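These notes are about the structure you will find just below.
Any read-out appearing in this document is the output of simple, stated calculations on the displayed coordinates, not a laboratory observation. Quick caveat, the model's predicted, so the values are computed rather than measured. Here Cβ is always computed from backbone atoms with ideal geometry, including for glycine, and neighbour counts include all displayed protein chains.
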Amino acid sequence: MKTALIGLLGVLVGAIIVGVAVVIIFKYFERKDNRTRDLEHRAKEIETLNLLNKKINEVLGKRNVLMEDYVRFNAFDDCYITIDDYIYLHSFAAQNNSYLPNYLIEEFFKNISQRKVILSPEETVRMGGYTYKGGRVVMESFSENLLVIINEKKSQLSKLTNKPLHYFDVK
C-alpha cells in the first residue's frame, strides 16, 4: 500500500512537471510567433513607405519629360501629375492604409488638392493630367517626411532584432 501511494505521488508530481513544461513551451512558441508577426508587420510598413516614396519621386521626375506641355505655368515649383499617377497614389494609399501614417497621407492629399489648377476638360484631356500650383514643394516635403519615418522605423526594427538589417540595404 505504501509503495502504491508513493508510486501514485511520483506519477502526480511527474504529471505536474510535464504540465508546467508544456505550458511554458506553448507560451514560448506563442511569444515567438507574436514577435515574428510584429517584425513582419514592421518590415511591411517600411516596404510600403519605400514604395510610396518611389512613386512620389517618379511623379516628381516626370516634370522634366513633360515640361513643354505645361510650360505656360511659369513657376518652377509647379507639379504635373498624370491622371493615372493620381489615381494610383489614391488607390495605393487606400489599399495600404494600415501600413501608412494616416494623418500624413490625409494632409498630403488635402494640401495637394488645394493647389490644383482649374483647367477646362479639353485642356486636362490634352495634357493627360493635372497641374498643381506649388505642388512640387508639397510633394518634396512629403517625400522627406516619408524618408524620416522610414529611417525611424528602420532604427526601431534594428533595436528589436538586435541584429543589423541587410534586407533594406539598397545599393
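Overview of values
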| quantity | calculated |
| --- | --- |
| Other-chain or far-sequence residues with amide H under 5 Å of Gly129's (modelled H) | Ile83 |
| Protection-proxy order for peptides 8-19, 140-151, 88-99, 32-43, each taking the mean of Cβ atoms within 10 Å per residue, highest first | 140-151, 88-99, 32-43, 8-19 |
| Radius 15 Å from Cβ of Val148, net charge of other residues (Lys, Arg +1; Asp, Glu -1) | -3 |
| Residue-count net charge about Lys32 - beta-carbon cut-off 15 Å; Lys, Arg +1, Asp, Glu -1 | 0 |
| Given Lys116/Lys153; Lys55/Lys159; Lys55/Lys110; Lys62/Lys153, the pairs whose alpha carbons are separated by over 24 Å | Lys116/Lys153; Lys55/Lys159; Lys62/Lys153 |
